[in-house]
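Colleague: One structure coming up, written as structure tokens, with questions to follow.
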Amino acid sequence: MVDLKLSTPVADPVDSNQSAITATSEAQLTASPNPFHHQVQLSLPEGQYQQVALFDATGQRQRLTELSAGQATLTWQTAGLQAGLYILRARSKTGAPFTKRLIKR
């Protein structure tokens, strides 16, 4: 069994209108579309995050990206991923964690 304790409140992954969670009042990260099919695009506040990772429901890391200074968007191609629940984890420059549930259809 994998323990997927979330460090921040998580948005309903089925509600497409609720595509972002605020980790801090300034550091908002969005993922769209959610649910996603062949790709997912992340919109990041410039300079707030240094790393983002995508984990499957078993806890296996499927994607990891180190962000460059000032990077505001990131697109992951996801055609090779199985349908199901994924966990997006981002680490801010201050070390604050951000976690969001994503669904692959």
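Colleague: Residues of segment 78-105 being surrounded by 17 or more Cβ atoms within 10 Å (Cβ to Cβ) and in contact with a Leu (Cβ under 7 Å, 6 or more places away or on another chain), which ones?
Modeller: 86, 87, 88, 90, 98, 99, 100, 101, 102, 104
Colleague: Collect the residues in segment 58-67 that are surrounded by 13 or more Cβ atoms within 10 Å (Cβ to Cβ) and over 12 Å from the mean Cα position of the chain (by Cα), keeping them in residue-number order.
Modeller: Pass one, segment 58-67, residues surrounded by 13 or more Cβ atoms within 10 Å (Cβ to Cβ): 62-63, 65, 67.
67, the sole residue that qualifies.
Colleague: Follow-up. Out of curiosity, is residue 51 polar (S, T, N, Q) and within 13 Å of the chain's Cα centre (by Cα)?
Modeller: Numbers: polar (S, T, N, Q): yes; within 13 Å of the chain's Cα centre (by Cα): yes.
When the stated conditions are applied, residue 51 passes them.
Colleague: While we're here: If I ask for residues that are touching a Leu at 6+ places or on another chain (Cβ under 6 Å) and outside any loop (DSSP other than H, G, I, E, B), which ones from segment 29-64 would you list? Let's see the steps before the verdict.
Modeller: Let us first name the residues in segment 29-64 that are touching a Leu at 6+ places or on another chain (Cβ under 6 Å), namely 29, 31, 34, 42, 44, 49-50, 53-54, 57, 62-63.
Correct list: 29, 31, 42, 49, 50, 53, 54, 62, 63.
Where a number appears in this text, it was derived from the coordinates with a stated rule and is not lab data. Since we're looking at a predicted model, the values are computed, not measured. Positions of Cβ are generated from backbone atoms using ideal geometry, with glycine treated the same way; all protein chains shown enter the neighbour counts.
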